[in-house]
Amino acid sequence: QQQVKQSPQSLIVQKGGISIINCAYENTAFDYFPWYQQFPGKGPALLIAIRPDVSEKKEGRFTISFNKSAKQFSLHIMDSQPGDSATYFCAASIQGGSEKLVFGKGTKLTVNP
Amino acid sequence: GAVVSQHPSRVICKSGTSVKIECRSLDFQATTMFWYRQFPKKSLMLMATSNEGSKATYEQGVEKDKFLINHASLTLSTLTVTSAHPEDSSFYICSALWDSFYGYTFGSGTRLTVV
């Protein structure tokens, strides 16, 4: 129930293409869904986050789509750039509860020039 | 805003010695901090949750006596790896809950190598 399942494990996209990473969860009590970007040797950095009262959130080239009934959320990176090459983690937590972040296993994105 | 500073970024220590890693919130008060361990090409594994002024809560399977966590002030949490062994070599990351709406911020991580 505490798991967040992330796919794909790795993704290769051409420059200018769309990168799509998917996550699914079981615990309906989760109410905060962030995406993190991590470069080698660095800590994760918040990319974008969504709460279950909205179905989509867009910030620049990054969009989260959220499907509450399917218990799924996804990250779309438009016009992918080589600088976007990193590992992306989805996560979920219960704000006001234990507040522990439950992470997906990560997706290594490679954007070819 | 919401910056967490983690030091050192890299440390090499001899087997049997102890190493302390610091995590400081620079521009906010962090009531709750989290410590993670990350193996190469793997996800973050939560080790423990620390709350200012109280004992840390450890995740199942994490040795409390080996990984000592102290959260003595609202801006500082420390992780001490005691009697380190090569299998403790890993990337350790701290995080702080800085806002119930905006969520969490992470430190830059510490690469620990035990030789």
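The values are calculated or read from the model by the stated rules, or taken from the named source; none is laboratory data. Small disclaimer: the values here were computed from a predicted structure and weren't measured. FYI the Cβ positions are ideal-geometry reconstructions off the backbone, even for glycines, and counts take in every protein chain you see.
Out of the residues in the range A:12-32 that are under 13 Å from the mean Cα position of the chain (by Cα) and at pLDDT 95 or above, state the one that is surrounded by the most Cβ atoms within 10 Å (Cβ to Cβ).
Going through the qualifying residues, I end up with A:CYS23.
Among (1) in a strand (DSSP E or B); (2) at pLDDT 95 or above, there is one condition B:THR17 misses while meeting the rest; what is its number?
It fails just one condition, (1).
Output the residue which, of all residues in the range B:1-14 that are touching a Leu at 6+ places or on another chain (Cβ under 9 Å), at the interface with chain A (Cβ under 10 Å from one of its Cβ atoms) and more than 22 Å from B:THR57 (Cα to Cα), is modelled with the highest pLDDT.
By that ranking, first place goes to B:ARG10.
Just wondering, is there one or more residues in the range A:87-108 that are in a loop (DSSP other than H, G, I, E, B), more than 10 Å from every other protein chain (Cβ to nearest Cβ) and more than 24 Å from B:ASP99 (Cβ to Cβ)?
Looking through the range A:87-108, none of the residues is in a loop (DSSP other than H, G, I, E, B), more than 10 Å from every other protein chain (Cβ to nearest Cβ) and more than 24 Å from B:ASP99 (Cβ to Cβ).
Here are the criteria: (1) farther than 13 Å from A:PHE33 by Cα; (2) surrounded by fewer than 16 Cβ atoms within 10 Å (Cβ to Cβ). Tell me which single one A:VAL54 does not satisfy.
Only one criterion in (1) farther than 13 Å from A:PHE33 by Cα; (2) surrounded by fewer than 16 Cβ atoms within 10 Å (Cβ to Cβ) is unmet by A:VAL54, namely (1).
Which of the numbered conditions does B:THR17 fail, given that it passes all the others? Conditions: (1) surrounded by fewer than 20 Cβ atoms within 10 Å (Cβ to Cβ); (2) within 14 Å of another protein chain (Cβ to nearest Cβ); (3) in contact (Cβ under 8 Å) with a residue 60 or more places away in the chain; (4) among the polar types (S, T, N, Q).
Here B:THR17 meets the rest and fails (2).
Residue-wise test of (1) within 14 Å of another protein chain (Cβ to nearest Cβ); (2) free of Cβ contacts under 8 Å to residues at least 24 places away in the same chain; (3) buried (at least 20 other Cβ atoms within 10 Å of the Cβ); (4) aromatic (Phe, Trp, Tyr).
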{"residue": "B:LYS41", "(1), (2), (3), (4)": "yes, yes, no, no"}
{"residue": "B:LYS55", "(1), (2), (3), (4)": "no, yes, no, no"}
{"residue": "B:GLU59", "(1), (2), (3), (4)": "yes, yes, no, no"}
{"residue": "B:LYS66", "(1), (2), (3), (4)": "no, yes, no, no"}
{"residue": "B:SER73", "(1), (2), (3), (4)": "no, yes, no, no"}
{"residue": "B:SER83", "(1), (2), (3), (4)": "no, no, no, no"}
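Does B:ALA30 meet the test of being within 13 Å of chain A (Cβ to nearest Cβ), in a strand (DSSP E or B) and at negative phi?
The answer is no for B:ALA30.
A:PRO40 fails exactly one of the following numbered conditions: (1) more than 13 Å from the chain's Cα centre (by Cα); (2) within 14 Å of chain B (Cβ to nearest Cβ); (3) buried (at least 16 other Cβ atoms within 10 Å of the Cβ); (4) within 14 Å of A:LEU109 (Cβ to Cβ). What is the number of that condition?
It fails just one condition, (3).
If you check B:THR113, B:THR105, which single one turns out to be loosely packed, with under 15 Cβ neighbours inside 10 Å and either in contact with a helix residue (DSSP H, G or I) (Cβ under 8 Å, 6 or more places away or on another chain) or not in a loop (DSSP other than H, G, I, E, B) (or both)?
Within the list B:THR113, B:THR105, the selection yields B:THR113.
Can you spot a residue in the range A:19-30 that is out of contact with any Phe, Trp or Tyr (no Cβ under 6 Å at 6 or more places or on another chain) and within 14 Å of chain B (Cβ to nearest Cβ)?
Checking the range A:19-30: at least one residue is out of contact with any Phe, Trp or Tyr (no Cβ under 6 Å at 6 or more places or on another chain) and within 14 Å of chain B (Cβ to nearest Cβ).
Taking the range A:51-95 as the search range and keeping residues that are without any contact (Cβ under 8 Å) to a residue 40 or more places away in the chain and farther than 18 Å from A:ALA24 by Cα, which one is farthest from the chain's Cα centre (by Cα)?
For the range A:51-95, the residue satisfying everything is A:GLY83.
List the number of the failed condition for B:GLU87; all other conditions in (1) away from chain A (no Cβ under 14 Å); (2) exposed (fewer than 15 other Cβ atoms within 10 Å of the Cβ); (3) part of a loop (DSSP other than H, G, I, E, B) hold.
All conditions are met except number (3).
If A:PRO34 satisfies all but one of (1) in a strand (DSSP E or B); (2) away from every other protein chain (no Cβ under 11 Å), what's the number of the condition it fails?
The failed condition is (2).
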